[in-house]
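Report on one structure; see the data block that follows.
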Amino acid sequence: MHCAACSATRNFSSTSPTGAHTLLGVATGIFRRLSGGEFGFAEDFQIVSIRSGAARSPKTLSGGETFLASLALALALVELHSRSGARLGALFLDEGFGSLDADALASSVAVLQAETGGDKLVAVISHLYAVAEAVEDVMWVERRPEGSRARWLDAAERDALVREEVTSGLLSLV
């Protein structure tokens, strides 16, 4: 089984990289960072264990690992699109962060911060306060009987929201 990670360097230096091979090469680099160096992609979208080189079906991944693989592919699409010179309006990631343990969540947020910015806008939809804490621009959506209400939080409101969540979580332990 050929590993896309093994040829990722060649793809980055190619003058006209295109197709699934390049996507998987870029996604493998991101997936490796997200998974602590554990996973990459094979040319056929199989999951490769970086340590053993063995390939397996994506269906064998846990929920959190599946989310990380999807996130890696989404961020690779954003990266490749930005390389083409075209402007990407936005990429929306709808949840999935709740399936991650604390270390994987921290790693995912760090990679998101590193991979976005400039002309790359990634909007994350999440109910996790830890995700809101990690981003500058937070749109708060409240469900009300008359309909939902959305508004942008300023930094103080965002920080207060996170402090409130931490406090309520600590109080529930008592």
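The values are calculated or read from the model by the stated rules, or taken from the named source; none is laboratory data. Keep in mind it's a predicted model, so treat the numbers as computed, not measured. Note: ideal-geometry Cβ built from the backbone for every residue, glycine included; neighbour counts use all protein chains shown.
See the values below:
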read-out	value
Tabulated pairs, segment 19-43, first of a type in the set (A, V, I, L, M), second part of a loop (DSSP other than H, G, I, E, B), C-beta under 6 angstrom, 6+ apart or interchain	Ala42/Met1
Some residue of segment 67-79 being modelled with pLDDT under 85, in contact with a strand residue (DSSP E or B) (Cβ under 7 Å, 6 or more places away or on another chain) and under 30 Å from Glu133 (Cα atoms)	yes
Members of segment 13-44 that are at pLDDT below 90 and among the acidic types (Asp, Glu)	Glu43, Asp44
Which listed residue, of Val141, Val122, Val111, is of a type in the set (Val, Ile, Thr), touching a strand residue (DSSP E or B) at 6+ places or on another chain (Cβ under 9 Å) and modelled with pLDDT of 80 or more	Val141
Verdict on Leu161 being in a helix (DSSP H, G or I) and at pLDDT below 75	no
Elements of type strands (runs of 3 or more DSSP E) contained in segment 31-132, each with 3 or more residues being buried (at least 18 other Cβ atoms within 10 Å of the Cβ)	39-41
